[in-house]
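> One structure, as structure tokens, below. Some questions next.
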Amino acid sequence: KVTGRVGSNHGDIIRNWALEGYGIIMLSDWDVADDLRSGALVRVLPDYSQPADVMVVTSGRMTSSAKIRNSVEFLIAQLREGPFALQAMGF
């Protein structure tokens, strides 16, 4: 486990610290994609990554809902392809 002088579990705070030059951070690609594209941040360890799962949680009775099913299918499609897909970011 890595420790330091400061720490937070709020991604926006950590991102701002990195932008202000406070050190190396680990955030998801979608949290820093614009900063990586603009050059405001640079990837330090390109071969290192950690998986992050996206989960949908509903009440038991909602699993048979067409609205919920369609929403989940939409989210899956958006996260696999298109401008919000992690693979499309090219990092």
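> What percentages, rounded to whole numbers, describe P(r) for the chain computed over all alpha carbon pairs with 5 Å bin width beginning at zero?
Binned Cα distances yield the sequence 2, 10, 18, 18, 16, 12, 10, 7, 5, 1.
> Something else: How high is the relative contact order of the chain, given as a whole-number percent (alpha carbon pairs under 8 Å, six or more residues apart)?
Answer for the chain is 19 percent.
> Would you mind working out the accessible area per residue for the chain, using a 1.4 Å probe, and quoting it in Å²?
86 Å²
> Using per-residue counts of other Cβ atoms within 10 Å, averaged over each peptide, order 23-36, 40-53, 69-82 from highest down.
The packing order, highest mean first, is 23-36, 69-82, 40-53.
> Additional query: For V6 and V44 in one chain, what is 0.36 nm times their gap in residues minus the Cα-Cα distance, to one decimal in nm?
Gain on extension, V6 to V44, equals 11.7 nm.
> If each DSSP helix of 4+ residues adds -39,500 (n - 2.57) and the sum is divided by the residues in the chain, what number results at 222 nm, nearest 500 deg cm²/dmol?
It lands at -11500 deg cm²/dmol.
> When the accessible area of region 44-84 is split by element with a 1.4 Å probe, what percent falls to carbon and sulfur?
59 percent
The values are calculated or read from the model by the stated rules, or taken from the named source; none is laboratory data. None of the values given here were measured: they were computed from a predicted structure. Methodologically, a virtual Cβ is constructed for each residue, glycine included, from the backbone with ideal geometry; neighbour enumeration extends over all protein chains shown. For the accessible areas, the whole protein counts, side chains as well, though only heavy atoms, and no ligand, DNA or RNA atoms are used. Shrake-Rupley method; radii C 1.70, N 1.55, O 1.52, S 1.80 Å.
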